[in-house]
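*Asks:* Pasting a structure below so you can have a look.
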Amino acid sequence: MGDVVIVGAGQAGLQAAISLREEGFSGRIRLIGDEAALPYQRPPLSKAFLTGDAGEANLVLRPQALLDKAEIEFVAGARVDGIDRGDARIAVGKDRIAYDHLILATGSRNRHLEVTSADADGVMSLRGLADARQLKARLGEARRIAIIGAGFIGLEFAGVAAKLGREVRVVELAPRAMARAVSEQVSAHCEARHASWGTRFAFGAGVVDVEQAGGKARGVRLADGEVIPADLIVVGIGAMANAELAADAGLVTGNGIVVDALLRTEDHAISAIGDCAFHPNAFAGGPVRLESVQNAIDQGRSVAARLAGRPKPYHAVPWFWSDQGDMKIQMAGLTAARDHVVQRGDPSEGRFSVFCFRDGLLLGVESVNRPADHMLARRVLATGRKWTLADVEAFDFDLKAMTAEPARAADA
Ligand SMILES: Cc1cc2nc3c(=O)[nH]c(=O)nc-3n(C[C@H](O)[C@H](O)[C@H](O)COP(=O)(O)OP(=O)(O)OC[C@H]3O[C@@H](n4cnc5c(N)ncnc54)[C@H](O)[C@@H]3O)c2cc1C
């Protein structure tokens, strides 16, 4: 393998570059990103960065000196405009860069709110460092905040804003918080915690308009006519893959760039990883696109191992976390398809876990302030065993025992 070019210098792209070196890859590695900053982590942008507990320096994933030492050629502020697959070159402005293998790690971008005046001053969303800087400044001045979307980013922001004493309203089309990602039990608990901090929710509520005066946002109008006054409006209505570069090059895309179990597009000289990759995932029971640090890191490692001559189908346990106020919410596995849940721990004490099953098989475990459960659940899922409800009951839902004695479940 000769030269590897990586498009997108985020969590996945950087990881692929580092892992290539760790795997002993000796060819040239170029990591090309369109943002100005060194590769940085996004999770603190909606958490510690806003509260001031983490500064910009804390976000950087690897200092330049370490990139230099690993001979990773990092090119900042450069947008890749096209891929010429016939010639195995990418276009960056007028430059053409040849690759032997190309890794697309272009991430995802926020969905845009498609209503009148959605671009008024004071309507913001959060994806990158530039957004977070602006949002932090606005948060200092704002009094009344409307958050559109009760997903992870919206609710993390709500937790921070409420703690700062702001008046917070959250508007959500779905009937409950984080509906696509967590069980009813976790939603209900989180909604109650946020409400206890003064945040008010409107569920099943669509935004039809942003109210503005002189170009400045004044509030959001809901489908039922209610206007929620706000001087800061934060839109968190989900994200979509940055897949256009691949699509324009004739690669198959859908909900992301379509890849196989080895994370290759149908052009085997091109891989896709991280938020942009629509990949087969045993834990999802089919192809899926995941937006998580875990997925970005593990896919970066996986593609690097393959390019270094050690191919292995991607099979990492999906996991995710979200910090909201005093809640650490953690998910191991993918639980959306659950048809049965068993709760352990006491929500009234603020700590519990929800075991999620489908057709009698364990899909995953969602935890609130039970980090040990989360870590153990990841180990349980990583055993590769199909854990039945009967198995888990036989262990009395003791995850530690399940990791220590996996053979017992097999015999049960
Ligand atoms: C505010 C926020 C909070 C989050 N919190 C959590 C959390 O708590 N836990 C968790 O697990 N995950 C969290 N995530 C998700 C996590 O950060 C992402 O899943 C992860 O960053 C994905 O990594 P990636 O490398 O695929 O994409 P990214 O990190 O988005 O990197 C992609 C990079 O490619 C660049 N790019 C795109 N197109 C081009 C092009 N044509 N040319 C050059 N460069 C290009 C983009 O600008 C970007 O810099 C959060 C995300 C956000 C935005």
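Bear in mind that the values in this text are calculations on the coordinates, not laboratory data. Computed from a prediction, not measured in an experiment: that's the story for all the values here. Positions of Cβ are generated from backbone atoms using ideal geometry, with glycine treated the same way; all protein chains shown enter the neighbour counts.
*Asks:* Within the P(r) computed for segment 326-411, what percentage of the Cα pairs occupies the region above 20 Å?
*Replies:* Working: 951 of 3655 pairs.
The share of Cα pairs beyond 20 Å in segment 326-411 comes to 26 percent.
*Asks:* For each of Thr388, Thr253, Thr265, count neighbouring Cβ atoms within 10 Å of the residue's Cβ, then give the residues from fewest to most. Could you put the intermediate results ahead of the total?
*Replies:* Details: Thr388 16, Thr253 20, Thr265 23.
So the residues, fewest neighbours to most, are Thr388, Thr253, Thr265.
*Asks:* May I ask for the Rg/Rh ratio of segment 39-88, computed from Cα atoms with Rh as the Kirkwood radius, given to two decimals?
*Replies:* Radius of gyration relative to Kirkwood radius: 1.16.
*Asks:* Any of Lys47/Lys400; Lys328/Lys386; Lys136/Lys216; Lys47/Lys328; Lys136/Lys163; Lys163/Lys328 with alpha carbons more than 21 Å apart? Name them for me. Write out the running numbers ahead of the final one.
*Replies:* Details: Lys47/Lys400 30 Å; Lys328/Lys386 27 Å; Lys136/Lys216 18 Å; Lys47/Lys328 12 Å; Lys136/Lys163 14 Å; Lys163/Lys328 16 Å.
With Cα atoms farther than 21 Å apart: Lys47/Lys400; Lys328/Lys386.
*Asks:* Suppose R0 equals 41 Å; then what is the FRET efficiency for Arg21 and Thr51 from their Cβ-Cβ distance, rounded to the nearest 0.05?
*Replies:* Efficiency for this residue pair is about 0.75.
*Asks:* A follow-up question, please. Starting from 0.36 nm per residue, how many nanometres of slack lie between Glu266 and Asp34 once their C-alpha separation is accounted for?
*Replies:* Values: separation 232, 0.36 × 232 = 83.52 nm, distance 2.53 nm.
Extra length available between Glu266 and Asp34 comes to 81.0 nm.
*Asks:* While we're here: Segment 260-412: Rg/Rh from Cα coordinates, Kirkwood Rh? Working shown, then result.
*Replies:* Working: Rg = 16.6 Å, Rh = 16.5 Å.
Reported Rg/Rh (Cα atoms, Kirkwood Rh): 1.01.
*Asks:* Within 10 Å of each residue's Cβ, count the other Cβ atoms and sort Asp373, Asp121 from fewest upward. All intermediate terms of the calculation are to be shown ahead of the outcome.
*Replies:* Numbers: Asp373 26, Asp121 13.
Arranged by neighbour count, lowest to highest, Asp373, Asp121 become Asp121, Asp373.
*Asks:* I'd like to know which of Ala390, Phe355, Val380 lies farthest towards the positive end of the charge dipole of segment 326-411, counting +1 on Cβ of Lys and Arg and -1 on Cβ of Asp and Glu.
*Replies:* Val380
*Asks:* Right, next: By count of other Cβ within 10 Å, fewest leading, how are Arg378, Arg127, Arg180 ordered?
*Replies:* Arg180, Arg127, Arg378
*Asks:* Another question, then. If we restrict to alpha carbons, what Rg and Dmax does the chain come to, in Å?
*Replies:* Expressed in Å, the Cα Rg and Dmax of the chain come to 22.3, 71.
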